[in-house]
Structures are given as structure tokens and as C-alpha cells.
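Here the structure is laid out as C-alpha cells; the discussion comes afterwards.
The values are calculated or read from the model by the stated rules, or taken from the named source; none is laboratory data. Values in this document were obtained by computation on a predicted structure and should not be read as measured data. When we count neighbours, we look across all protein chains shown, and the Cβ atoms used for this are built from the backbone with ideal geometry, even at glycine. The protein model used for the area step is the full one, side chains on, heavy atoms only, and it has no ligands, DNA or RNA in it. Shrake-Rupley method; radii C 1.70, N 1.55, O 1.52, S 1.80 Å.
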Amino acid sequence: MSVKILMVCLGNICRSPLAEGILAAKLPKEKFTVDSAGTGDWHVGHGPDKRSIAIAKKNGLNISNQKGRQFTAIDFDTFDYIYVMDSSNYDNVIALATNENQKSKVQLILDEIFPGENVDVPDPFYGLANGFETVYEMLDDATANIAAKLIEKYK
Ligand code: 4NP
């Protein structure tokens with residue numbers, strides 16, 4: 001059975017598609033499934049932002065085939081781990097949880113590298129191109145820790 005990890009941001013076109021692609025590349029496909037979703041519905045069915053596609057490509061990853069979808073309460077049952085990009089995503093996801101087990105699956109992704117500091121992955125949507133570089137580096141660091149922990153836990 002596959003261990004399932006979900007990456008969540010607001011639009012599911014900038015940050016969480018990158019987080020999905022970066023983590024998926026660090027995990028063996030036989031044991032792990034990685035997906036992403038947005039708390040908002042504006043970009044359902046859309047591919048990732050071209051700036052996310054570009055920074056992924058620069059780092060050897062192809063995320064262009066992903067399709068945006070909205071987070072739903074069903075995801076609490078489907079996924080084992082739910083990583084959110086910022087505290088507003090956290091609040092939006094937690095608001096849909098109906099029990100403590102569901103809430104316990106949700107974690108701020110940068111807690112992996114800055115434990116307990118409540119650091120957000122900044123939303124690069126309205127910013128300049130180097131915002132995507134920063135986001136990429138943050139997600140690369142955080143997912144390195146996540147992958148190491150998961151591989152150790154499920155070996
Ligand atoms: P994301 O960025 O949450 O990293 O995908 C955003 C993309 C689109 C919008 C907001 C954030 N939007 O409002 O359309």
C-alpha cells in the first residue's frame with residue numbers, strides 16, 4: 001500500500017505543484033504517492049503557473065502535466081500527511097477537519113526546517129521571478145527532510 005502525501009496552497013498553481021514535483025522526485029514511486037491541491041477553486045483544471053514550470057525545469061523536473069484541483073474534506077481520509085504552505089492555508093484546511101485524527105495530519109511544511117517557528121512559504125503569485133527561486137529553495141530543503149524521514153519510517 002502506498003503512503004500518500006498531499007501538498008496544499010491557495011491556488012494550486014504556484015507553490016504546491018512545485019512541492020509535489022520536488023518531493024515526488026525524492027521518493028520511490030513504489031511506496032509513495034504525492035499529490036497537490038488548493039484551498040481556492042479559481043484554478044481547478046489549470047496547469048501550474050509558467051514560472052513554477054520554468055523553475056522546476058531549470059532543476060530537472062517536469063511539472064507541466066499537473067492539473068489544479070481544490071482541497072476537499074475527503075482528502076483527510078485519502079492522505080496520510082498533508083503539508084500546507086502557509087498559516088492561512090493551515091487555517092483553511094483545519095476548518096474542514098471534523099476530528100483530531102484529521103487535524104493531526106496537517107503540518108506547516110517549513111516546520112520541517114524551522115520547527116515551531118511558524119514560517120510561511122511566501123506566495124510568489126504577484127511577485128517577481130526570483131520569488132520562485134526562493135520558494136524552490138525552501139521547498140527543496142523542507143522536502144529533503146520529509147523524504148529522509150518518510151523513507152526511514154516506511155523502510
Ligand atoms: P499558490 O499561488 O497558492 O502558490 O498557487 C496563488 C496562485 C493564484 C492565486 C493565489 C495564490 N489567485 O488568487 O488566483
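Overview of results
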| item | result |
| --- | --- |
| Verdict on Asp86 being under 23 Å from Met138 (Cβ atoms) and either among the aromatic types (Phe, Trp, Tyr) or open to solvent by 50 Å² or more (accessible area, probe 1.4 Å) (or both) | no |
| Output for the stretch 93-115, where each listed residue is of a type in the set (A, V, I, L, M, F, W, C) and either outside any helix (DSSP H, G or I) or open to solvent by 20 Å² or more (accessible area, probe 1.4 Å) (or both) | Ile94, Ala95, Leu96, Ala97, Val106, Leu108, Ile113, Phe114 |
| Selection within the stretch 56-71 - more than 15 Å from the ligand (Cβ to nearest atom) and part of a helix (DSSP H, G or I) | Lys57, Lys58 |
| Top-ranked residue of the stretch 18-39 - restricted to ones that are in contact with a strand residue (DSSP E or B) (Cβ under 7 Å, 6 or more places away or on another chain) and without any contact (Cβ under 8 Å) to a residue 40 or more places away in the chain, ranked as most open to solvent (accessible area, probe 1.4 Å) | Thr33 |
| Hits in the stretch 40-53 (condition: of a type outside the set (A, V, I, L, M, F, W, C), surrounded by fewer than 24 Cβ atoms within 10 Å (Cβ to Cβ) and in a loop (DSSP other than H, G, I, E, B)) | Gly40, Asp41, His43, Gly45, His46, Gly47, Asp49 |
| Residue within the stretch 15-32 that is within 16 Å of the ligand (Cβ to nearest atom) and assigned to a loop (DSSP other than H, G, I, E, B) present | no |
| Residue satisfying condition, being open to solvent by 70 Å² or more (accessible area, probe 1.4 Å), among the β-branched types (Val, Ile, Thr) and more than 16 Å from the ligand (Cβ to nearest atom), within set Ile5, Ile74 | Ile74 |
| Conditions (1) part of a loop (DSSP other than H, G, I, E, B); (2) within 14 Å of the chain's Cα centre (by Cα): number failed by Val135 | (1) |
| Residue within the stretch 116-132 that is out of contact with any strand residue (DSSP E or B) (no Cβ under 9 Å at 6 or more places or on another chain), open to solvent by less than 70 Å² (accessible area, probe 1.4 Å), assigned to a helix (DSSP H, G or I) and within 16 Å of the ligand (Cβ to nearest atom) present | yes |
